[in-house]
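The values are calculated or read from the model by the stated rules, or taken from the named source; none is laboratory data. These numbers were taken from a predicted model, which means no experiment stands behind them. Cβ sites come from the backbone with ideal geometry, for glycine too, and all protein chains shown count toward neighbours.
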Amino acid sequence: MSESELPEEEEEERDDKTFSMFGGEDAPAPQATADKKTGYLVLARKYRPQSFDELIGQESMVKTLENAFRTNRVAHAFMLTGVRGIGKTTTARLLARALNYETDTVGAPSLTMEPPGRHCEAIQKSQHPDVLELDAASRTGVDDMRELLDGARYTPVSARYKVFIIDEVHMLSKSAFNALLKTLEEPPEHVKFIFATTEIRKVPVTVLSRCQRFDLRRLDIETLAQHLTNICAKEGLKVAPEGLTLIARAAEGSVRDALSILDQALVSGEPGAEIPVETIRDMLGLADHSRLIALFDLCVSGDHKQVLAELESQFQAGADPQTILKDMIELAVEVGRASVLGEDYSASGPAEWTRLTKEIAAKITPAQSTRLWQILMKGLETIQIAPNPVTSLEMTLIQMTAAAHVPPPEEAIKAIIEASQGGTSPGKPEAPAAPAAGAAITPTNQPSDFKGILNLLESRKRADIQYDVEKFVRPGEVRFGYISFLLEDGATPGLISQLQKFLEVETGSYWEVDQIHSEEETVRERVQRERKERIAEAMEDPYLSELLTYFPGAEVVDVTPEPKHESDENIVHVDFAAQQTPRKESR
């Protein structure tokens, strides 16, 4: 019997042995031990959907399948993609049941599987001989695929279709994909393929083009929190509503993750008592969301000392730096939405969260909220490689707080234009003066073009960055706070982030970096071209041409203009490279 055909009990035992790899060869999984002694079934398995009606958040996919089954236009291969725990394997088994649904009165595929058909129970338990499940993560080779496809030639044993469910299909080797492709091009009428993957971009286009693709939607916080509420009601459990919202947020759209976290929360509380939000917050290593909003508000207000004090307080309460940063990113999005939607905005959570978020949004513009989001996103990239996540988060929030002193981009541009025109135009009301710190937008001693950036690198003796910039960067539009370029292959990994960080540290302002298509010369190419042009021009001098005849093998490697003096004519300095000694001229 193959691994995919193991009975449910044996499959759990196999999972327990896999878990023991982390705790010793004979160490059983704690939950597995409880299952065997008490018969407890974890919520993620107990509430696994048994019909398409129970799939939450996937209405679009279900509607498409209903139309396909009704019109008898069922594809021969399906591709299910989505984040972990969203229900790809569950959907694949439901689809296998629907394709093979059969009762005494129904003899055709159907999504309405009531009452259960004669094949439903075996398919649900992964025990049906005509529904084969393959884990591509452990069987990636072409030999495994050929063995599977050899079986596709034979008709089903008892069901209508022979269904192959291949999980994590992106893990297949290139040869395995090629072997699969031939069967997908000309599939037998009795065979259906159902693929599942979390990495759709790694699946070859040739395979994707032969499948009906369904993107299983990540559940939003409100839908997932409501689902948890319904389950708690069925189980007779008491959990603080805000706690369920925190679980839904932590699950990031994954139903399985949310139910696993809820299972963990249930054993963290007192039996029979409501599980308070503080227990769930401590379990997840989260800061109080209201305190996160307050921290964001302090950053927007530009209060550096209070920001660091509040951050330290949250660390002392057990909050995780990376979790704080991720929550701040989500909060920046919420503030941006509130800035745009105004009174129509509503947060996913208590009404207090909505009120506090709106108050922050009233202090900044949508453009400013976007800038804060960009700073936080760059901080997330940095914190993952930083030796100390705590100090990395502190520096990110310091930068974010500093950005609060800079006027919105639209106001800065308006002030610059008016300043270049000598003030406001006649007949127009005088614009409000920009804050004093707004002068840092285009100061005279700051880089405002590509040459200025190179000069700054040279003056700070950052030859490591300067070398790569001169050799691999084809510049595009460059102004203070913004640089765009095409980065050629061969540059040092991380050059873009290094350059951006250097500019932000040296100028005290956020720099936006874009990669674009550019046909401009790199500095190295320009230097080489200008050198060749100087040499070609110098070689037109008859004296130099005659001089070279006395030095066989010599060549001009560069021509450098000498500094001019009032009494001097144009003087050039010629550098030679000689391969032989000069010949003696006979007289």
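With 137, 159 as the choices, which residue is in contact with a strand residue (DSSP E or B) (Cβ under 8 Å, 6 or more places away or on another chain), over 19 Å from residue 208 (Cα atoms) and in a loop (DSSP other than H, G, I, E, B)? Even if it seems obvious, please write down each step before you answer.
Details: 137 fails: over 19 Å from residue 208 (Cα atoms).
Exactly one residue qualifies, and that residue is 159.
I'd like the full set of residues that are among the aliphatic types (A, V, I, L, M) and either within 27 Å of residue 513 (Cβ to Cβ) or not in a helix (DSSP H, G or I) (or both), limited to region 347-359.
Keep residues of region 347-359 that are among the aliphatic types (A, V, I, L, M), which gives 347, 351, 356.
Matches in region 347-359: 347 only.
Residue check, residue 455 against (1) at pLDDT 85 or above; (2) surrounded by fewer than 16 Cβ atoms within 10 Å (Cβ to Cβ); (3) more than 18 Å from residue 522 (Cα to Cα), all met but one. Which one?
Unmet condition: (3).
Any residue at all in region 520-531 that's buried (at least 16 other Cβ atoms within 10 Å of the Cβ) and either out of contact with any helix residue (DSSP H, G or I) (no Cβ under 7 Å at 6 or more places or on another chain) or of a type in the set (Val, Ile, Thr) (or both)? Don't jump to the end; show me each part of the working.
Of all residues in region 520-531, those buried (at least 16 other Cβ atoms within 10 Å of the Cβ) come to 522-523.
With the extra rule that they be either out of contact with any helix residue (DSSP H, G or I) (no Cβ under 7 Å at 6 or more places or on another chain) or of a type in the set (Val, Ile, Thr) (or both), the set shrinks to 522-523.
Scanning region 520-531, I find at least one residue that is buried (at least 16 other Cβ atoms within 10 Å of the Cβ) and either out of contact with any helix residue (DSSP H, G or I) (no Cβ under 7 Å at 6 or more places or on another chain) or of a type in the set (Val, Ile, Thr) (or both), so the answer is yes.
Among helices (runs of 4 or more DSSP H) lying entirely in region 167-253, which contain 3 or more residues that are more than 30 Å from residue 76 (Cα to Cα) and touching a helix residue (DSSP H, G or I) at 6+ places or on another chain (Cβ under 6 Å)? Steps first, answer last, please.
Numbers: elements: 174-185, 205-208, 221-235, 241-251.
Filter on region 167-253 gives 221-235, 241-251.
Can you work out which of the residues in region 362-377 that are closer than 18 Å to residue 311 by Cβ and in contact with a Phe, Trp or Tyr (Cβ under 9 Å, 6 or more places away or on another chain) is surrounded by the fewest Cβ atoms within 10 Å (Cβ to Cβ)? Quick ask: steps written out before the conclusion?
Start the filter on region 362-377 by keeping residues that are closer than 18 Å to residue 311 by Cβ, which leaves 372, 375-376.
Cutting the leftovers down to in contact with a Phe, Trp or Tyr (Cβ under 9 Å, 6 or more places away or on another chain) gives us 372, 375.
Numbers: 372: 25, 375: 22.
So the residue we want is 375.
Does region 72-89 include one or more residues that are in a helix (DSSP H, G or I), within 17 Å of residue 191 (Cβ to Cβ) and within 35 Å of the chain's Cα centre (by Cα)? Steps first, answer last, please.
Narrowing region 72-89 to residues in a helix (DSSP H, G or I): 88-89.
Still in the running and within 17 Å of residue 191 (Cβ to Cβ): none.
No: zero hits.
Return only the number of the condition from (1) assigned to a helix (DSSP H, G or I); (2) more than 18 Å from residue 242 (Cβ to Cβ) that residue 363 does not satisfy.
The failed condition is (1).
Please find, among 180, 208, 184, 237, the residue that is outside the structural domain of residue 87 (by TED's automatic domain parsing) and farther than 22 Å from residue 126 by Cα.
On the way: 180 fails: outside the structural domain of residue 87 (by TED's automatic domain parsing); 208 fails: outside the structural domain of residue 87 (by TED's automatic domain parsing); 184 fails: outside the structural domain of residue 87 (by TED's automatic domain parsing).
Answer to the check: 237.
Give me the pairs, please: first residue somewhere in region 49-72 and in the same structural domain as residue 86 (by TED's automatic domain parsing), second residue anywhere and among the β-branched types (Val, Ile, Thr), beta-carbon distance under 7 Å, and either six or more positions apart or on two chains.
The qualifying pairs are 49/90; 52/62; 55/62; 55/91; 56/223; 57/223; 68/74.
Would you please name the residue that is nearest to the chain's Cα centre (by Cα), looking only at residues in region 95-110 that are at pLDDT 90 or above and among the aliphatic types (A, V, I, L, M)?
95
Just one of the numbered conditions (1) assigned to a helix (DSSP H, G or I); (2) surrounded by 14 or more Cβ atoms within 10 Å (Cβ to Cβ); (3) at pLDDT below 90; (4) more than 31 Å from the chain's Cα centre (by Cα) is not true of residue 19; which one?
With respect to (1) assigned to a helix (DSSP H, G or I); (2) surrounded by 14 or more Cβ atoms within 10 Å (Cβ to Cβ); (3) at pLDDT below 90; (4) more than 31 Å from the chain's Cα centre (by Cα), residue 19 is out only on (4).
Select, from 98, 137, 108, the only residue that is touching a residue at least 40 places away in the same chain (Cβ under 8 Å) and small (Gly, Ala, Ser). Please lay out each step first, then the result.
Details: 137 fails: touching a residue at least 40 places away in the same chain (Cβ under 8 Å); 108 fails: touching a residue at least 40 places away in the same chain (Cβ under 8 Å).
Within the list 98, 137, 108, the selection yields 98.
Mind counting the residues in region 308-324 that are over 27 Å from the mean Cα position of the chain (by Cα) and either hydroxyl-bearing (Ser, Thr, Tyr) or under 13 Å from residue 376 (Cβ atoms) (or both)?
Summing the residues that are over 27 Å from the mean Cα position of the chain (by Cα) and either hydroxyl-bearing (Ser, Thr, Tyr) or under 13 Å from residue 376 (Cβ atoms) (or both) in region 308-324 gives 1.
Quick one: which of 165, 123 is surrounded by 13 or more Cβ atoms within 10 Å (Cβ to Cβ), farther than 23 Å from residue 206 by Cβ, at pLDDT 85 or above and touching a strand residue (DSSP E or B) at 6+ places or on another chain (Cβ under 9 Å)? Spell out how you get there, then give the answer.
On the way: 165 fails: farther than 23 Å from residue 206 by Cβ.
From the options 165, 123, the qualifying one is 123.
Step by step: first the residues of region 95-109, then only those that are charged (D, E, K, R) and assigned to a loop (DSSP other than H, G, I, E, B), then the one that is farthest from residue 68 (Cα to Cα). Which residue is that?
Here is the first cut: in region 95-109, the ones charged (D, E, K, R) are 97, 102, 104.
Next, only the ones that are assigned to a loop (DSSP other than H, G, I, E, B) stay: 102, 104.
Numbers: 102: 18, 104: 23 Å.
Ranking the candidates gives 104 first.
Sort out which residues of region 140-177 are of a type in the set (Lys, Arg) and within 26 Å of residue 94 (Cβ to Cβ), and write them in order of number.
We begin by selecting, within region 140-177, every residue of a type in the set (Lys, Arg); these are 146, 153, 160, 162, 174.
Within region 140-177, 160, 162 meet the criteria.
Where in region 460-543 are there helices (runs of 4 or more DSSP H), lying fully within it, with 1 or more residues that are modelled with pLDDT of 85 or more and under 24 Å from residue 381 (Cβ atoms)? Spell out the reasoning first.
Working: elements: 463-472, 495-507, 523-539.
The helices (runs of 4 or more DSSP H) meeting that bar are 463-472, 495-507.
Look at residue 341 and say whether it is hydrophobic (A, V, I, L, M, F, W, C) and surrounded by 15 or more Cβ atoms within 10 Å (Cβ to Cβ). Talk me through it step by step, then tell me what you get.
Numbers: hydrophobic (A, V, I, L, M, F, W, C): yes; surrounded by 15 or more Cβ atoms within 10 Å (Cβ to Cβ): no.
Judged against the criteria, residue 341 is not a match.
Test residue 269 against the criterion of being assigned to a loop (DSSP other than H, G, I, E, B), surrounded by 14 or more Cβ atoms within 10 Å (Cβ to Cβ) and not assigned by TED's automatic domain parsing to the domain that holds residue 330, and give yes or no.
On the way: assigned to a loop (DSSP other than H, G, I, E, B): yes; surrounded by 14 or more Cβ atoms within 10 Å (Cβ to Cβ): yes; not assigned by TED's automatic domain parsing to the domain that holds residue 330: yes.
Spelling it out, residue 269 is indeed assigned to a loop (DSSP other than H, G, I, E, B), surrounded by 14 or more Cβ atoms within 10 Å (Cβ to Cβ) and not assigned by TED's automatic domain parsing to the domain that holds residue 330.
Return yes or no: is residue 280 under 22 Å from residue 323 (Cα atoms) and part of a helix (DSSP H, G or I)?
Details: under 22 Å from residue 323 (Cα atoms): yes; part of a helix (DSSP H, G or I): yes.
Considered against the rule, which asks whether it is under 22 Å from residue 323 (Cα atoms) and part of a helix (DSSP H, G or I), residue 280 comes out as yes.
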